[in-house]
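The values are calculated or read from the model by the stated rules, or taken from the named source; none is laboratory data. Predicted, not measured: the structure shown is a model, and the values here were computed from it. Please note: Cβ atoms are built from the backbone with ideal geometry, for glycine as well, and neighbour counts cover all protein chains shown. Accessible surface areas use protein heavy atoms only, side chains included; no ligands, DNA or RNA. Shrake-Rupley method; radii C 1.70, N 1.55, O 1.52, S 1.80 Å.
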Amino acid sequence: MDPNIRKHRCTPAAPQNVQPLFALGRTLATPGAMVLLEKHGISPSCLLARHQSGDWGDVCTDDAASNVLALVNGARVFSVYRLLDGKTLGSMTEQERRRTPTAWCISEADRSSTTIFRPDEY
């Protein structure tokens, strides 16, 4: 393997061989999100697979419940992914977790598109 090719990793909870729960539509990512993901060695496709399979990442209970309802009633689907390994995240307080490198995924209500972006780009 060429040592100049950077390997992308999936985050620890990345699903494998899981059926998608909804259509992503056109997939987009902001330039800032792409820089952030590359910096942390995360493949956008891994985040999209998690999002589409119902692994909403680090959302609150209310957002997780809203996502489940969105699968039935066609509302937007929202996921939050902290870009650090599970061991590091597990040792942090909630306040510390909120300051970690983060990517959001939002699928539009009509499922025409899904966008990956940084929270500060919202």
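Tell me which residues, restricted to segment 104-122, are open to solvent by 20 Å² or more (accessible area, probe 1.4 Å), touching a Phe, Trp or Tyr at 6+ places or on another chain (Cβ under 8 Å) and among the hydroxyl-bearing types (Ser, Thr, Tyr).
Tyr122
Out of all the residues in segment 20-36, which are at negative phi, touching a residue at least 60 places away in the same chain (Cβ under 8 Å) and part of a loop (DSSP other than H, G, I, E, B)?
If the condition is that a residue be at negative phi, touching a residue at least 60 places away in the same chain (Cβ under 8 Å) and part of a loop (DSSP other than H, G, I, E, B), then Phe22, Ala23, Leu24, Thr30 are the ones that fit.
Determine if segment 105-113 includes at least one residue that is modelled with pLDDT of 95 or more, more than 12 Å from the chain's Cα centre (by Cα) and of a type in the set (A, V, I, L, M).
yes
So Ala49 ticks every box in (1) within 27 Å of Gln95 (Cβ to Cβ); (2) under 11 Å from the mean Cα position of the chain (by Cα) but one. Which box is left unticked?
So the condition that Ala49 fails would be (1).
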